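Chemist: Sharing a structure below in C-alpha cells format, with a few things to ask.
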Amino acid sequence: MTKGPIPNDMVVMHSCDNRSCCNPDHLIIGTHADNRRDSVKKNGGITLETANLIRFQYALGNVSYSTLGFMYGVSTSVIGRIIRDERWRN
C-alpha cells in the first residue's frame, strides 16, 4: 500500500525474516527465485531430515540453541522455529 502495486510475476519478501512484520521498510519486492534463494541463505538449506536430527539432539538435552545453530550454520531463531515445529514439520 505504501510502495505501489506488486507486479504479477513478483512477490513481497521480508528482509527481517519476520512473517508478521508489516513495516514497509522491511518489505521488498523480488521474484519467486529470489525468495527461494533468500530462504536457503537464511535457513542454511536445512532439510526435513536435518530438522528432525536437530529436534532429536535437542530432546537428548545438554545442547543449547546457540550450539545447534553453530553446528548447522544457522541462527538461534531458526533453531527455535525447528524445535517449536514452526518450520520443517513432520
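Chemist: Please compute, for the alpha-carbon atoms of the chain, the extent along each of the three principal axes and give them in descending order in Å.
Modeler: 49, 22, 21
Chemist: Amide H of residue 29 versus every other amide H placed in the peptide plane: which residues, excluding those fewer than 5 positions away on the same chain, fall under 5 Å?
Modeler: The answer is 13.
Chemist: Nearest 10 degrees, 0 to 90: what angle lies between the long axis of helix 48-60 and the longest principal axis of the chain (Cα atoms)?
Modeler: It is inclined by approximately 40 degrees.
Chemist: Could you list 60, 27 so that the one with the fewest beta carbons within 10 Å of its beta carbon is first and the one with the most is last?
Modeler: Ranked by crowding around the Cβ, least crowded first: 60, 27.
Chemist: Dipole magnitude of the chain about its Cα centre, charges +1 at Lys/Arg Cβ and -1 at Asp/Glu Cβ only, in debye to the nearest 20?
Modeler: It comes to approximately 140 debye.
Chemist: How do 87, 36 line up, fewest other C-beta atoms within 10 Å first?
Modeler: 36, 87
Chemist: Could I have the simple spin-label model distance between residue 15 and residue 34, label points 7 Å from Cα toward Cβ, reported in nm to one decimal?
Modeler: Going from the residue 15 label point to the residue 34 one covers 1.1 nm.
Chemist: Neighbouring Cβ atoms within 10 Å as the yardstick, rank 1, 13, 71 fewest first.
Modeler: Going from sparsest to densest Cβ surroundings: 1, 71, 13.
Chemist: Residue farthest toward the positive end of the dipole of the chain, with Cβ of Lys/Arg at +1 and Asp/Glu at -1: which of 22, 35, 80?
Modeler: It is 80.
Chemist: Tell me the angle of helix 32-43 to the major Cα principal axis of the chain, expressed in degrees between 0 and 90 and rounded to the nearest ten.
Modeler: Between helix and principal axis, roughly 30 degrees.
Chemist: Compute the relative contact order of the chain as a whole-number percentage, counting only Cα pairs closer than 8 Å that sit 6 or more residues apart in sequence. Before the final figure, lay out each step's value.
Modeler: Working: 71 pairs, mean separation 19.1, N = 90.
With pairs under 8 Å counted, the relative contact order is 21 percent.
Chemist: Next question, about the same structure. By the scheme Lys and Arg +1, Asp and Glu -1, what is the net charge of all other residues having a beta-carbon under 11 Å from that of residue 48?
Modeler: +2
Every number here is computed from the coordinates shown, using simple stated rules; none is lab data. Computed from a predicted structure; not experimentally measured. In this analysis, Cβ positions are derived from the backbone assuming ideal geometry, glycine residues included, and neighbour counts consider all displayed protein chains.
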